[in-house]
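A.B. asks: Below you will find the structure I want to go over with you.
The values are calculated or read from the model by the stated rules, or taken from the named source; none is laboratory data. As the structure is a prediction and not an experimental result, all values here were calculated from the model. Here the Cβ positions follow ideal geometry from the backbone for every residue, glycine too, while neighbour counts run over all protein chains shown. For accessibility, only protein heavy atoms count, side chains too; no ligands or nucleic acids. Shrake-Rupley method; radii C 1.70, N 1.55, O 1.52, S 1.80 Å.
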Amino acid sequence: MSRLAVVLFNLGGPDSLESVRPFLFNLFHDPAIIGVPQPIRWMLAQFISRRRERTAQQIYSYIGGKSPLLELTQQQALALKSNLKGTAESVEVFVCMRYWNPMARAVTEAVKTYDPDKIVLLPLYPQYSTTTVSSSLADWKRAAKKSKLSAPTYTICCYPRETGWVSAQADLVLRSVERAESNTRILFSAHGLPLKVVQ
């Protein structure tokens with residue numbers, strides 16, 4: 001194998017306060033998030049994104065006016081590329097976001113231009129969910145078909161119980177706590193799913 005492409009998948013987030021509403025629209029227009037038929041889903045996505053826009057913009061303004069997720073995922077991509085050095089003649093790691101740029105259509109075109117012999121898809125969501133892993137991979141498959149991307153493709157999925165995963169997460173939290181001021185609070189943030197989706 002001479003050319004390896006690895007694609008890291010993440011949720012994405014607005015890159016400016018102006019992109020908050022289109023990001024929210026993309027999120028709520030996904031049939032994996034709101035499973036009603038069109039055009040009802042489109043109307044609901046419009047309604048929800050408009051209604052939540054100002055509140056979300058205010059929240060993002062507290063953290064610099066944008067989501068840090070793209071930059072953090074790009075840092076992971078660079079670290080992974082460095083760790084994969086020597087496993088192939090050429091390795092390139094791409095970042096693909098589900099609900100904001102860079103999205104699957106642009107990334108499949110970039111991967112096609114790179115012309116890999118093998119593609120590895122790596123969702124950065126450790127556990128499987130229809131609203132994260134499945135949605136991201138389905139979107140990739142649609143975009144890859146449109147881009148006529150035909151290299152053999154493999155997916156690494158679902159590793160919440162992988163040896164060392166939980167301890168690595170705990171270690172990162174502990175190191176951050178040690179560096180933090182005494183009045184720093186740790187916030188765990190996650191979104192829930194309807195029980196029928198979990199089941």
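A.B. asks: For the range 32-91, which trypsin sites (Lys or Arg not before Pro) are in a loop by DSSP, counting at most 14 other Cβ atoms within 10 Å?
C.D. replies: Lys85
A.B. asks: In Å², and per residue, what accessible area does the range 1-104 have when probed at 1.4 Å with the other protein chains present?
C.D. replies: About 56 Å² of surface per residue is accessible.
A.B. asks: Also: Convert 25 °C to kelvin, take the viscosity as 0.890 mPa s, use the Kirkwood radius over C-alpha pairs of the chain as Rh, and evaluate the Stokes-Einstein diffusion coefficient in µm²/s, rounded to a whole number.
C.D. replies: My calculation gives 132 µm²/s for D.
A.B. asks: Karplus couplings for the range 80-87 from phi (6.51 cos²θ - 1.76 cosθ + 1.60, θ = phi - 60°), rounded to Hz, Gly and Pro as x?
C.D. replies: Karplus-based 3J(HN,Hα) across the range 80-87 equals 5, 4, 4, 6, 8, 4, x, 7 Hz.
A.B. asks: Quick one: plug the Kirkwood hydrodynamic radius of the range 10-67 (C-alpha pairs) into Stokes-Einstein at 20 °C, 1.002 mPa s, and report D in µm²/s.
C.D. replies: Result for D is 185 µm²/s.
A.B. asks: So, one more: Once you sort the root eigenvalues of the Cα gyration tensor of the range 117-161 as a ≥ b ≥ c, which label holds: rounded (a/c under 1.5), prolate (a/b larger than b/c) or oblate (the other case)?
C.D. replies: Oblate shape, in that a/c is at least 1.5 and b/c is the bigger or equal ratio.
A.B. asks: Just round it to a whole percent: the fraction of Cα-Cα distances in the range 87-199 exceeding 19 Å.
C.D. replies: Pairs farther apart than 19 Å: 60 percent.
A.B. asks: By per-residue mean of other Cβ atoms within 10 Å, what is the highest-first order of 129-139, 149-159, 176-186, 7-17?
C.D. replies: 7-17, 129-139, 149-159, 176-186
A.B. asks: Please compute the net charge surrounding Arg3, taking Lys and Arg as +1 and Asp and Glu as -1 over other residues with Cβ under 9 Å from its Cβ.
C.D. replies: Net local charge, Arg3 excluded: -3.
A.B. asks: Can I ask one more? Can you list the HN-Hα couplings for the range 103-119, worked out from phi with the Karplus curve (6.51, -1.76, 1.60; θ = phi - 60°), rounded to whole Hz and with x for Gly and Pro?
C.D. replies: 9, 3, 4, 5, 6, 4, 5, 5, 5, 4, 4, 5, 6, x, 7, 8, 10
A.B. asks: Please tell me the relative contact order of the chain in percent, rounded to the nearest whole number, where contacts are Cα pairs under 8 Å and at least six residues apart.
C.D. replies: 28
A.B. asks: When the chain is modelled as a GNM with alpha-carbon springs shorter than 10 Å, which of Val36, Val20, Val120 fluctuates the most?
C.D. replies: Val36
A.B. asks: Now a separate question. Using only the Cα atoms of the range 79-143, what do you get for the radius of gyration and for Dmax, in Å?
C.D. replies: Just the Cα atoms of the range 79-143 yield Rg and Dmax of 12.6, 35 Å.
A.B. asks: Between Arg3 and Ala170, 0.36 nm times their residue separation minus their Cα-Cα distance comes to what?
C.D. replies: Full extension from Arg3 to Ala170 adds 56.7 nm.
A.B. asks: Right, something else. When the expected Rg is taken as 2.2 N^0.38 Å, what fraction or multiple of it is the alpha-carbon Rg of the range 1-114?
C.D. replies: Normalised by 2.2 N^0.38 Å, the Cα Rg of the range 1-114 equals 1.27.
A.B. asks: Pairs to check: Lys85/Lys148; Lys112/Lys146; Lys85/Lys145; Lys66/Lys112. Give those whose C-alpha atoms are more than 18 Å from each other in this structure.
C.D. replies: Lys85/Lys148; Lys85/Lys145; Lys66/Lys112
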